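The structure appears below as structure tokens.
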Amino acid sequence: MAIWKRQTTLAEINARNAGCLVEHLGIHFTALHDDGLEARMPVDARTRQPFGLLHGGASVVLAETLGSMAGYLCTEGEEMLVGLEVNANHLRAVREGEVRGRCRPLHLGRTHQVWQIDIFDEQDRLCCSARLTTSVRR
């Protein structure tokens, strides 16, 4: 059973991100599953730190982007979603290519949500594990 309360398509989700940080970093939503979302982000000059590795902050942006969009899709009507806390453990360095983030809910409550976002390299190795807590505002 799908967790989503709002009806949308990948094209609509990606169009919503035009003109903001998400587009600037090249984040592109690639999968809308019944129980989660996926997006990809390039590892290039926009997302690397000065030593040539994927910047941890860019990974956090990918994680928060996935969790926030998933959280929004689990609201309805005039409800809004705001982030309360995000944390990330950076487990493996990435130098090139792209990374794939996968977001799934840990808790979908009436007033709070908790999302698990795992980020993988092109060899499907876990590079970052993040958690986002959000508040549903009415």
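Residues in segment 57-65: is at least one in contact with a helix residue (DSSP H, G or I) (Cβ under 6 Å, 6 or more places away or on another chain), part of a helix (DSSP H, G or I) and crowded, with 19+ Cβ neighbours inside 10 Å? Yes, segment 57-65 has at least one match. Within segment 58-95, if we keep just the residues that are touching a strand residue (DSSP E or B) at 6+ places or on another chain (Cβ under 8 Å) and of a type in the set (D, E), the residue that is nearest to G26 (Cα to Cα) turns out to be E64. Considering segment 79-114, the residues that are without any contact (Cβ under 8 Å) to a residue 40 or more places away in the chain and surrounded by fewer than 17 Cβ atoms within 10 Å (Cβ to Cβ) include one that is nearest to P50 (Cα to Cα), namely R92.
The number of residues in segment 115-138 being among the polar types (S, T, N, Q) and surrounded by 17 or more Cβ atoms within 10 Å (Cβ to Cβ) comes to 3.
Take residues that are of a type in the set (S, T, N, Q) and tell me which of the strands (runs of 3 or more DSSP E) falling wholly in segment 66-138 contain 1 or more. Quick ask: steps written out before the conclusion?
Values: elements: 80-90, 98-108, 112-120, 126-137.
So the answer is 80-90, 112-120, 126-137.
Residues of segment 15-29 include none that is under 14 Å from I119 (Cβ atoms) and out of contact with any helix residue (DSSP H, G or I) (no Cβ under 7 Å at 6 or more places or on another chain). Going through segment 28-52 one residue at a time, which ones are surrounded by fewer than 17 Cβ atoms within 10 Å (Cβ to Cβ), hydrophobic (A, V, I, L, M, F, W, C) and not in a strand (DSSP E or B)? Within segment 28-52, A45, F51 meet the criteria.
Read-outs: derived from the displayed coordinates by stated rules, not from any lab. Bear in mind the structure is a predicted one, so any value in this text is a computation, not a measurement. Cβ sites come from the backbone with ideal geometry, for glycine too, and all protein chains shown count toward neighbours.
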